[in-house]
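Student: Pasting a structure below so you can have a look.
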Amino acid sequence: MRRVASELGIRAPSLYKHFSSRADIEAASVAHAMVEIGEATHKALHEKQAGSALMSLLIAYRQSCLASPALYRIATQGGFDRGKLPAGLEEWAGNPFYVVTGNPELAQALWSFAHGMVVLELDRRYPPGSDLDSTWRAGATAFERHSALKQAEHNQGARTND
């Protein structure tokens, strides 16, 4: 609590004038992180600066997370009471992953890939000289191919049922 207060330029007891508990501070931090990441990824879908929507999403996610590593870790590590988040926030923040995949399980797998990449990058766990931009592109390509296959299977099934 002292460190959080120090970062804000106040004394630790002053935090409790705004929050009733440490859990409330954590919840506010998680919500803030989700809003920041969600805004970046939603914007990426509309701008598509990296060619594909999926690659644009991954670039925005990576940049947003690496820009605020401590906040990212608070938002994604350890247990958390989702009931403390504003209603609909988690779904809204994760929606871009669904938009680019069209499938809830694939969206969750894509987020898991992105999260794992970010954590490994933050922890400097990749071998020296690793071309992480290429690794991100390879992941994006794999997910794009899988999404295309799933869509083709879905379309084939729809034609069969007609």
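The values are calculated or read from the model by the stated rules, or taken from the named source; none is laboratory data. All of these numbers come straight from a predicted model, not from anything done at the bench. For neighbour counting, all protein chains shown are included, and Cβ atoms are generated from backbone atoms with ideal geometry for every residue, glycine included.
Student: Just checking, which of Glu39, Glu26 is modelled with pLDDT under 90 and assigned to a helix (DSSP H, G or I)?
Tutor: Every option except Glu26 fails the conditions.
Student: Within segment 1-30, how many residues are surrounded by 15 or more Cβ atoms within 10 Å (Cβ to Cβ) and in contact with a helix residue (DSSP H, G or I) (Cβ under 6 Å, 6 or more places away or on another chain)?
Tutor: Number satisfying all stated conditions: 6.
Student: Write out, first by first residue and then by second, each pair whose Cβ atoms fall under 8 Å of each other, whose residues are 6+ apart or on separate chains, and whose first residue, in segment 44-58, is on the phi < 0 side of the Ramachandran plot while the second is of a type in the set (Lys, Arg) and at pLDDT 90 or above.
Tutor: Within 8 Å, the pairs are Met55/Arg137.
Per-residue answers, yes or no, for (1) closer than 15 Å to Ala140 by Cβ; (2) at pLDDT below 95; (3) in contact with a Pro (Cβ under 7 Å, 6 or more places away or on another chain):
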position	(1), (2), (3)
Ser68	no, yes, no
Ala75	no, yes, no
Tyr98	no, no, yes
Leu106	yes, yes, no
Leu110	yes, no, no
Ala114	yes, no, no
Tyr126	no, no, no
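Student: Something else: Does Leu110 satisfy the condition of being surrounded by 13 or more Cβ atoms within 10 Å (Cβ to Cβ) and of a type outside the set (Lys, Arg)?
Tutor: Considered against the rule, which asks whether it is surrounded by 13 or more Cβ atoms within 10 Å (Cβ to Cβ) and of a type outside the set (Lys, Arg), Leu110 comes out as yes.
Student: Tell me the residue from Arg73, Arg62 that is out of contact with any helix residue (DSSP H, G or I) (no Cβ under 7 Å at 6 or more places or on another chain), assigned to a helix (DSSP H, G or I) and among the basic types (Lys, Arg), please.
Tutor: Every option except Arg73 fails the conditions.
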